[in-house]
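Asks: For reference, the structure I am asking about is given below.
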Amino acid sequence: MELLNQWEVAQLRNTIPEFVQSFLDFYSHLKSEKVLHLADTQTLSHLRTEGIPQVGRPVQEVVEEMRQKIYANQVYLQHPRWFGFIPSPVSLFSWLGDIMTNAYDPHASGWLLSSAGSCIEQETVKWLCNQAGYPQSAGGVFVSGGSMANLVALTAARNKKLREADYGRGVAYVSNQTHSSVAKGLRIMGFRMDQIRKIPTDSRFRMDVKALEAAIREDLTAGRIPFAVIATAGTTNTGSVDPLREIGELCRQYSLWLHTDGAYGASVLVSKQYRHLLAGIQCSDSLSWDAHKWLMQTYSCSAVLVRDKMDLINCFHTHPEYLKDAAAQGEEVNFWDLGVEMTRPARSLKLWVTLQIMGSDRMGRVIDHGFQLAQWAQAELEAHANWEIVSPAQLAIVNFRFAPGGYTPEEQDGLNQEISARCLRTGYAGVLTTELKGRKVLRICAIHPEATEEDMRSTIRQLDAIARQLVAAGAAERTMPAVPHGG
């Protein structure tokens, strides 16, 4: 039986060029699109009732349906004015690498299966490790995202620092700004919530080192076994960087594994202007780094790096009989020995393609631009009344709050939530909320290289206009006389 019949091959030949052109047109006009498109009831009903046909449909018909009903209904996280979560400003060079890799579909777990692809992954990992200041013993593996990178690193930490009999006494330390994937990973590994100690942060939302040491000493006195500290280079809420050097010194003193979650902020290492903000990151035993954030890669493209690659091999290497013919020799590496996945795509190739075309200097300027975008947003906020900067611009993130007089803090929370909702409904920009110091705040994370100063300032002006409308409407309601009940 043929995988494709001649008619289907002909359809593909006609459809693929048309799709590529429409895709390129979409990206060239993306800025004029709304940031959010929600599928309407009719579309969702169609998708839920369509089912799987017994007899296949024409290629072009299916492709067009995908374009109009599926891909058209989403948040465009790659939009220059999407400022929620951590955006993903996709490079078309990454997309090109993705197409080629998906087309040839290399199995990227073993050297025998993909020798050149494995070599490129080695070299790309080496480049990332060099950016982090890691020694020659360093290594790593590409994984699906920061959650998996954190899980792999912490599993290696447990393997290195705890005996199996002591798993129930181990303690890991996070801050109250650490990404939720860390606690999730530790729970998946079998740790109880009382084995995950949450350390407070300082006024800049960085882990409090004195509080950390006090917690370590308390646990040692109680007979528990501290084994890992998870620091953050670029927290999701504020872009804060924990005091990595001081935490590293503490970890060496108490023989703890230091994992740095750099899923977002590690990309700052590529910037010549701002890489100093991550000083001390070389002290960490492991590092997570998402290229599908600030390095502009398509999903998914993340790496977990370790100072000593043997820590991964000692944790994950197995010796099944069916893999003996594919054993690595010399400088070869089988990436199934360095992580959880046996079957895995060649995630590194699209990053390598992007860096080959752009060069690291240009990528560094992309990082610098993100810092500038957040600074422009803050400058515009400071020009308007009743806005409070809760966390100033850092690592392309700024947090702020509309705080007019005459409103309780709880009422101000409601105002900020409504400002976000109304801004999102306009489709012009995506500005979502988070919580800092127990209060609702608006948050901008701006890392798109095509976003401009005008994009930032016009977004703030729109937020201010919405805020003033809400206050005016609220004032009218407060002064409106009560309507008597009818008899």
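Asks: Using a Förster distance of 22 Å, how high is the FRET efficiency between Q54 and W7, based on the Cβ-Cβ distance and rounded to 0.05?
Replies: After rounding to 0.05, the efficiency reads 0.75.
Asks: How big is the charge dipole of region 356-424 about its Cα centre, in debye rounded to the nearest 20, if each Lys and Arg gets +1 on its Cβ and each Asp and Glu gets -1 on its Cβ?
Replies: Dipole of region 356-424, to the nearest 20 debye: 320 debye.
Asks: Under unit Cβ charges (Lys, Arg +1; Asp, Glu -1), what dipole magnitude, rounded to 20 debye, does the chain have relative to its Cα centre?
Replies: Charge dipole, the chain, about its Cα centre: 1020 debye, nearest 20.
Asks: For region 349-487, what % of the accessible area comes from carbon and sulfur atoms, probe 1.4 Å?
Replies: It is 53 percent, rounded to a whole number.
Asks: With just the Cα atoms defining each centre, how far is region 424-449 from region 1-70? Give it in Å.
Replies: After rounding, the separation between the Cα centres reads 32 Å.
Asks: Could you give me the ³J(HN,Hα) list for region 111-127, computed from phi with Karplus coefficients 6.51, -1.76, 1.60 and θ = phi - 60°, whole Hz, x at Gly and Pro?
Replies: 4, 4, 7, 7, 5, 5, x, 5, 4, 5, 5, 4, 5, 5, 4, 4, 5
Asks: Using +1 at the C-beta of Lys and Arg and -1 at the C-beta of Asp and Glu, which of H107, T201, G145 has the Cα lying farthest in the positive direction of the dipole of region 65-201?
Replies: T201
Asks: Applying the Karplus parametrisation 6.51 cos²θ - 1.76 cosθ + 1.60 with θ = phi - 60° to the phi angles of region 455-472, what ³J(HN,Hα) value in whole Hz is obtained for each residue in order, glycine and proline being reported as x?
Replies: 4, 5, 5, 5, 5, 5, 4, 5, 4, 5, 5, 4, 4, 5, 4, 5, 5, 4
Asks: Treating the beta-carbon of each Lys and Arg as +1 and of each Asp and Glu as -1, no other charges, what is the dipole magnitude of region 1-135 about its Cα centre, to the nearest 20 debye?
Replies: Computed charge dipole of region 1-135: roughly 440 debye.
Asks: Please turn the phi angles of region 40-54 into ³J(HN,Hα) values with the Karplus equation 6.51 cos²θ - 1.76 cosθ + 1.60 (θ = phi - 60°), one per residue in order, whole Hz, x for glycine and proline.
Replies: Coupling constants for region 40-54: 7, 4, 5, 5, 5, 4, 4, 5, 6, 9, 5, x, 9, x, 6 Hz.
Asks: How big, in percent, is the set of alpha carbon pairs in region 248-367 lying more than 19 Å apart?
Replies: 58 percent
Asks: Taking all protein chains together and a probe of 1.4 Å, list T41, T15 from the most accessible to the least accessible.
Replies: T41, T15
Asks: Where does the Debye-calculated log10 I(q)/I(0) of region 184-316 sit at q = 0.16, 0.19, 0.22 Å⁻¹, using only Cα point scatterers of equal weight, no solvent?
Replies: The computed values of log10 I(q)/I(0) come out as -0.89, -1.23, -1.52.
Asks: Same structure again: Grab the Cα-Cα distance for S458 and D194, subtract it from 0.36 nm times how many residues apart they are, and report the gain in nm with one decimal.
Replies: 90.4 nm
Asks: Calculate what fraction, in whole %, of the accessible area of region 236-306 sits on carbon and sulfur atoms when a 1.4 Å probe is rolled over the protein chains.
Replies: It is 49 percent, rounded to a whole number.
Asks: Among L277, V304, P320, whose Cα lies farthest out toward the positive end of the dipole of region 224-350, if unit charges sit on the beta carbon of Lys, Arg (+1) and Asp, Glu (-1)?
Replies: L277
Asks: Which one is right for this structure if mean projected area of the Cα convex hull in nm² is calculated from it: (i) 20.7; (ii) 32.5; (iii) 31.3?
Replies: Derived directly from the coordinates: (iii).
Asks: Moving on. Note the full-extension length gain between S180 and S300 as 0.36 nm times their separation in residues minus their Cα-Cα distance, in nm to one decimal.
Replies: Result: 41.3 nm gained on full extension.
Asks: Right, next: Find how much the distance from V62 to K126 grows on full extension, using 0.36 nm per residue of separation minus their present alpha carbon separation; answer in nm with one decimal.
Replies: 18.9 nm
Asks: Treat each spin label as a single point 7 Å out from the Cα along the C-beta direction, and report the A72 to Y254 distance in nm.
Replies: Going from the A72 label point to the Y254 one covers 5.7 nm.
Asks: For I199, what residues show an amide H to amide H distance below 5 Å, using hydrogens built from the backbone and excluding near sequence neighbours?
Replies: For I199, the qualifying residues are V174, S175, N176.
Asks: Take the Cβ-Cβ distance between Q329 and H29 as r, set R0 to 56 Å, and report the resulting FRET efficiency rounded to the nearest 0.05.
Replies: Approximately 0.65, to the nearest 0.05.
Asks: If the limit is 26 Å between Cα atoms, which of K184/K350; K198/K309; K184/K440; K161/K272 go over it?
Replies: In this structure, K184/K350; K198/K309; K161/K272 lie more than 26 Å apart at Cα.
Asks: Additional query: Roughly how many whole Å is it from the C-alpha centroid of region 197-212 to that of region 256-281?
Replies: First find each Cα centre; the distance between them is then 18 Å.
Asks: Taking amide H atoms as placed 1.01 Å from N in the peptide plane, list the residues 5 or more away in sequence, or in a different chain, whose amide H sits under 5 Å from that of Y264.
Replies: D290
Asks: What does the charge add up to near T459, with Lys and Arg as +1, Asp and Glu as -1, over the other residues with Cβ less than 12 Å from its Cβ?
Replies: The answer is -2.
Asks: Quick check for you: with a 1.4 Å probe and neighbouring chains kept, what is the accessible area per residue of the chain, in Å²?
Replies: 48 Å²
Asks: Also, I was wondering about something else. Of N237, I247, W257, which is farthest towards the positive pole of region 215-261's charge dipole, taken about the Cα centre with +1 and -1 on the beta-carbons of Lys, Arg and Asp, Glu respectively?
Replies: Toward the positive end, the furthest listed residue is W257.
Asks: Leaving out ligands, DNA and RNA, and with a 1.4 Å probe, what % of the accessible surface on region 23-111 is carbon or sulfur?
Replies: It is 58 percent, rounded to a whole number.
Asks: List every residue whose amide H lies under 5 Å from the amide H of V390, counting only residues 5 or more places away in sequence or on a different chain, with H placed 1.01 Å from N in the peptide plane.
Replies: Amide H neighbours of V390, under 5 Å, 5+ apart: N399, F400, R401.
The values are calculated or read from the model by the stated rules, or taken from the named source; none is laboratory data. As the structure is a computational prediction, the values presented were derived from the model and not from experiment. FYI the Cβ positions are ideal-geometry reconstructions off the backbone, even for glycines, and counts take in every protein chain you see. Surface areas here come from the heavy atoms of the whole protein model, side chains and all, with no ligands, DNA or RNA. Shrake-Rupley method; radii C 1.70, N 1.55, O 1.52, S 1.80 Å.
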